[in-house]
Amino acid sequence: MSTASSQFTVPFDIKMLWAVEHTHQRGTHFAATAASQTLCQGTQWNSPPISTFTTPLDVPSGPLTWACTYNNTTPTVLSFGPTLTSEECYFTGMFYASAVANQGSPLSSF
């Protein structure tokens, strides 16, 4: 088993509407967190559940981290790529700026 992780700095307070992960077939676990709260997690590489927030989830500016655990049962080193013989570790979601945050500034996506 091995784990790969990444981090993005959320530049302003946001409200998260939904979140989902993406790995390939050797992905055994995924988790995304921000400000000590779990945004999404899962173990289903081929049909990951979408975490939806009926009440938008407050995510403060700061680090947003995601990590994927892999079980490589092949004799070769896995590489990043779009095929089933490679691996990926993505986090995506939909959000909007909090009412008080970043007024008048352009939004960006991550």
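The values are calculated or read from the model by the stated rules, or taken from the named source; none is laboratory data. Just so we're clear, the structure is a prediction, and the values are computed from it rather than from any experiment. Positions of Cβ are generated from backbone atoms using ideal geometry, with glycine treated the same way; all protein chains shown enter the neighbour counts.
In the condition set (1) under 23 Å from Ser98 (Cα atoms); (2) part of a strand (DSSP E or B), Phe12 is compliant with all but (2). Note on the stretch 15-26: residues that are over 21 Å from Thr43 (Cβ atoms) and outside any strand (DSSP E or B) amount to 0. Each residue in the stretch 53-79 was checked for being free of Cβ contacts under 8 Å to residues at least 60 places away in the same chain and either farther than 16 Å from Phe30 by Cα or in a loop (DSSP other than H, G, I, E, B) (or both), and 18 of them qualify.
Only one of the numbered conditions (1) modelled with pLDDT of 95 or more; (2) exposed (fewer than 15 other Cβ atoms within 10 Å of the Cβ); (3) of a type outside the set (S, T, N, Q) is not met by Trp66, and that is (2). Criterion first (modelled with pLDDT of 90 or more and of a type outside the set (D, E, K, R)) does Thr74 satisfy it? Here the answer is no, as Thr74 does not meet what is asked.
Sub-7 Å Cβ pairs linking a first residue in the stretch 81-94 that is touching a residue at least 12 places away in the same chain (Cβ under 8 Å) to a second residue that is surrounded by fewer than 13 Cβ atoms within 10 Å (Cβ to Cβ) and assigned to a strand (DSSP E or B), at least 6 apart or interchain, are Ser86/Phe80; Glu87/Phe80; Glu88/Phe80, ordered by first then second residue.
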